[in-house]
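Please read the structure below before turning to the comments.
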Amino acid sequence: MGRVDKKIAIVTGGGNGIGRAIAERLAAEGAIVTVTDQNPAAGQAVADGIDTMQFLEHDVRIAADWAKVMDSVTQQHGRLDILINNAGILATESTQDVENTSLDQWRTVNAVNSEGVFLGCQHGIEAMKATGGSIVNLSSIAALMATPHLSAYGASKAAVRQLTKTVAVHCGRKGYRIRCNSVHPGVIQTSMGDEVMELAGGNAKENWAARIKAIPLGEPGTVEDVANCVLFLASDEARHVTGAQLIVDGGMTCA
């Protein structure tokens, strides 16, 4: 208890899955958390019953929405200490191989996953550059390997990885005391994980079994596994860690 005590945090896409787990983990460790999501019912359900958590509706693709969220949080609390850029989508169509992905799908996936993180970093830097803080961007192991069945998603997550390092060096050289790191989940038990198996083609149950077989630790990760890594990077325990990529995949990418 207390690893991020009294720190002011924003978690985007916090209405379900990994985002929800991160928001709840930060709150359990003492943070004052603003959960944002496009889905008001899901986002509010996370915040309900937790005194140190609130919900704001937010489309990460829209700069004006980012300005409203930042203004609301900084006016209410006086500062921002932690920004978790978690909001993301997998696909908008039933196929995403490079030959058949539509330009509309490519643009939509990258608008949320890449441009949304860019806007978050830009607004986060402005909010934190006077006081310092931590930005954690959710990428994926898709940023580190070929994704023939997820071309748009893989490209968007690779952009997050590169942007993270750029933000880290920029803020360091400017003397802002803002750290920026990325977290790269592998096969995680979530609804998005189910979507990945569907998009891989064939039988989803067999795809799950094949992916698990490829994990040296022999099991998929949980949302709590990812949330614990994010907590570390958000906390002062990681005060000398910036520009890093923390892979949470049970050894999958090094096998």
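The values are calculated or read from the model by the stated rules, or taken from the named source; none is laboratory data. All figures in this text were calculated on a predicted structure; none of them were measured in a lab. Using ideal geometry, Cβ is built from the backbone for each residue, glycine included, and neighbour counts are taken over all protein chains shown.
Only one residue in Ala152, Ala146, Ala168 is more than 30 Å from Asp5 (Cβ to Cβ) and touching a residue at least 12 places away in the same chain (Cβ under 8 Å), so which one is that?
After applying the criteria, what remains is Ala152.
For first residues located in segment 202-227 and under 19 Å from Ser139 (Cα atoms), partners that are surrounded by 14 or more Cβ atoms within 10 Å (Cβ to Cβ) and among the hydroxyl-bearing types (Ser, Thr, Tyr) and lie 6+ apart or on another chain with Cβ distances below 9 Å form the pairs Thr222/Thr190; Val223/Thr190.
Within segment 33-52, being closer than 16 Å to Thr74 by Cα and buried (at least 22 other Cβ atoms within 10 Å of the Cβ) holds for Val33, Thr34, Val35, Thr36.
Filtering segment 109-131 down to residues that are over 15 Å from the mean Cα position of the chain (by Cα) and within 17 Å of Ala63 (Cβ to Cβ), which residue is surrounded by the most Cβ atoms within 10 Å (Cβ to Cβ)?
Initially, segment 109-131 is screened for residues over 15 Å from the mean Cα position of the chain (by Cα), giving 122-123, 125-131.
With the extra rule that they be within 17 Å of Ala63 (Cβ to Cβ), the set shrinks to 122-123, 125-127.
On the way: Gln122: 13, His123: 20, Ile125: 19, Glu126: 14, Ala127: 23.
Only one residue fits best here, namely Ala127.
Of the residues making up segment 143-162, those that are of a type in the set (A, V, I, L, M, F, W, C), surrounded by fewer than 22 Cβ atoms within 10 Å (Cβ to Cβ) and not in a loop (DSSP other than H, G, I, E, B) are Ala155, Ala158, Ala159. When residues in segment 76-133 are screened for being in contact with a strand residue (DSSP E or B) (Cβ under 8 Å, 6 or more places away or on another chain) and of a type in the set (D, E, K, R), 3 of them pass.
I'd like the full set of residues that are in a loop (DSSP other than H, G, I, E, B) and at pLDDT 95 or above, limited to segment 220-255. Matches in segment 220-255: Thr222, Ser235, Arg239, His240, Val241, Thr242, Gly243, Ala244, Asp249, Gly250, Gly251. Flag set for Thr242, criterion: out of contact with any Phe, Trp or Tyr (no Cβ under 8 Å at 6 or more places or on another chain), in contact (Cβ under 8 Å) with a residue 24 or more places away in the chain and either more than 15 Å from Leu138 (Cβ to Cβ) or buried (at least 20 other Cβ atoms within 10 Å of the Cβ) (or both). Given the criteria surrounded by fewer than 17 Cβ atoms within 10 Å (Cβ to Cβ), at pLDDT 95 or above, among the charged types (D, E, K, R) and more than 18 Å from Ser134 (Cβ to Cβ), does Asp65 qualify? When the stated conditions are applied, Asp65 does not pass them.
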